[in-house]
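Encoded as structure tokens, the structure appears first; notes follow it.
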Amino acid sequence: MDGSPAGDAALGFAVEEAALHHDPVTAVCGWWDPAALPGPDRVPFIDTQAVRHEAIARFERAVAPWRTERPEVLIETKFILDAPRRALVSASHGAALLVVGVRGIGSLPQMLLGPVPQVALHEARCPVAVVPAPEPGR
């Protein structure tokens, strides 16, 4: 989950698929914070803890509507301090299905697939479903 329309569509697909199979869902947010870097690459004057807590809160708010819409599906959240690509590939170990959006935040609209689904398709340890973002106005 990255807060993009494609990420929300991916979670919706995962929840509906889990409901069909009576399985739980683990929503994963891989988060990399440049303010937490040591040394000269660190972004100055940033409260890393506050930024992280806000990111976790946004992630939980994005998942909440799906818990309400499908209360019969257990939805666990994992906020992982790692690059999204690595977090999702790691989460794919032992999973029945990895569901990703076609393009997330920061991906160029002209790209067929964003960098995260590209890595997921090549490196995931389970089947991968790539879900398109909803069309504007739908």
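Read-outs: derived from the displayed coordinates by stated rules, not from any lab. The structure presented is a predicted model; accordingly, all values stated were derived computationally and were not measured. Positions of Cβ are backbone-derived with ideal geometry, glycine not excepted, and every protein chain shown enters the neighbour counts.
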Handout entry: Counted charge near residue 16, where neighbours are those whose Cβ lies closer than 12 Å (Asp, Glu -1; Lys, Arg +1)
Key = -3
Problem - Spin-label pair residue 26/residue 126, simplified geometry with 7 Å Cα→Cβ offset, distance in nm - result: 0.7 nm
Handout entry: In order through the range 68-80: 3J(HN,Hα) via Karplus (6.51 cos²θ - 1.76 cosθ + 1.60), integer Hz, x for Gly, Pro
Key = 6, 5, 10, x, 6, 9, 6, 10, 9, 10, 10, 9, 10
